[in-house]
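To start, the structure itself, in structure tokens.
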Amino acid sequence: MADLLEALTPEQLAEPSLCGDWDVQTVGAHLATAITTNTAAFMVELIRQRGSFDKANAATAHKEARNGITATIAKIRANAASRFVPPVAGPRAPLTDVIVHTGDIARPLGLPHNAPDDHVRTALEFLTTGRPIGFVGRGWLADLQVVADDVDFSHGSGAELRGRGIDLTMALCGRPPYPISPATASTSWPAASAANTARTATLTSWRQPAFALIQRRLDELVASPLRQIRHRTHQQPRQSMH
């Protein structure tokens, strides 16, 4: 990732990525913060963003991006050997994150997007059998058979989604079809595209309840002390005004 970012021009760094409304430089900044931001700092940002993981994540990435691409690259290089394991998702999540975000950068720029077979297989296993919170929504893989011929991987049953493993990894994470080579174009993208269209709507409905729950709990954290103060205030006898 550091090598890729270092090779890009300022114009390429400013290009839109495949990751929401982030440009290429912000995607790189996100990966830098993912391995350097401590939990306490992120929780502070999460509270500041009223429980929105997406907004907290974006705020952290944009803050890092303002430090400049040289600082981002240096931070990625200095922490490339990090063994940080995110809670719940587990150790395969960071690997999958790097593979997907590399595609978010490389594909719209028309650059090759490849990864070692064992890395891609691990990412596919995580997305289909792990706890890919933030990667794959509930029900996204229902009635789908995912087949990656190049890495000898198959999962599920139903409508077949077949292609290169790395292309399937991107598709399962909701990225649009973005063929850049004959090998990529061989993927059964019509099925992937239809599935992704339905899953974009599913993603919104899947995330909202979780965010709503977090928001309610944050409100309770704030409201509870206020209620206690009001209660004590009402319990205190009023002093006569003379």
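The values are calculated or read from the model by the stated rules, or taken from the named source; none is laboratory data. Just so it is clear, the structure is predicted and the values come from calculations on it, not from any experiment. Here the Cβ positions follow ideal geometry from the backbone for every residue, glycine too, while neighbour counts run over all protein chains shown.
Conditions (1) surrounded by fewer than 16 Cβ atoms within 10 Å (Cβ to Cβ); (2) free of Cβ contacts under 8 Å to residues at least 60 places away in the same chain, marked per residue:
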residue: Ser82; (1), (2): yes, yes
residue: Pro94; (1), (2): no, no
residue: Ala106; (1), (2): no, no
residue: Ala115; (1), (2): no, yes
residue: Gly130; (1), (2): no, yes
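Could you count how many residues in the stretch 99-138 are polar (S, T, N, Q), under 13 Å from the mean Cα position of the chain (by Cα) and either at pLDDT below 95 or closer than 24 Å to Ser52 by Cβ (or both)? Explain how you work it out, then say what you get.
At the first step, the residues of the stretch 99-138 found to be polar (S, T, N, Q) are 102, 114, 122, 128-129.
So of that shortlist, the ones also under 13 Å from the mean Cα position of the chain (by Cα) come out as 102.
Applying the additional criterion that residues be either at pLDDT below 95 or closer than 24 Å to Ser52 by Cβ (or both) yields none.
Adding up the residues that qualify gives 0.
Give me the residue from the stretch 43-98 that is farther than 26 Å from Ala171 by Cα and of a type in the set (Ser, Thr, Tyr) and, out of that set, farthest from the chain's Cα centre (by Cα).
Step by step, filter the stretch 43-98, then rank; the result is Thr70.
Name the residues in the stretch 24-49 that are buried (at least 17 other Cβ atoms within 10 Å of the Cβ) and out of contact with any helix residue (DSSP H, G or I) (no Cβ under 7 Å at 6 or more places or on another chain), would you?
The one that is buried (at least 17 other Cβ atoms within 10 Å of the Cβ) and out of contact with any helix residue (DSSP H, G or I) (no Cβ under 7 Å at 6 or more places or on another chain): Ile35.
Can you confirm whether the stretch 35-51 contains a residue that is under 18 Å from Thr102 (Cα atoms) and touching a strand residue (DSSP E or B) at 6+ places or on another chain (Cβ under 9 Å)?
no
List the helices (runs of 4 or more DSSP H) inside the stretch 1-111, counting only whole elements, that have at least 1 residues being at negative phi and touching a Cys at 6+ places or on another chain (Cβ under 7 Å). Talk me through it step by step, then tell me what you get.
Details: elements: 2-6, 10-13, 24-34, 39-48, 53-65, 69-78, 92-106.
Fully inside the stretch 1-111 and qualifying: 24-34, 92-106.
Residues in the stretch 159-177: is at least one touching a residue at least 60 places away in the same chain (Cβ under 8 Å), surrounded by fewer than 16 Cβ atoms within 10 Å (Cβ to Cβ) and of a type outside the set (A, V, I, L, M)?
To start, the set of residues in the stretch 159-177 that are touching a residue at least 60 places away in the same chain (Cβ under 8 Å) comprises 166, 169-170, 173, 175-176.
Imposing the further condition that a residue be surrounded by fewer than 16 Cβ atoms within 10 Å (Cβ to Cβ) reduces the set to 176.
Still in the list and also of a type outside the set (A, V, I, L, M): 176.
Taking every residue of the stretch 159-177 in turn, at least one turns out to be touching a residue at least 60 places away in the same chain (Cβ under 8 Å), surrounded by fewer than 16 Cβ atoms within 10 Å (Cβ to Cβ) and of a type outside the set (A, V, I, L, M).
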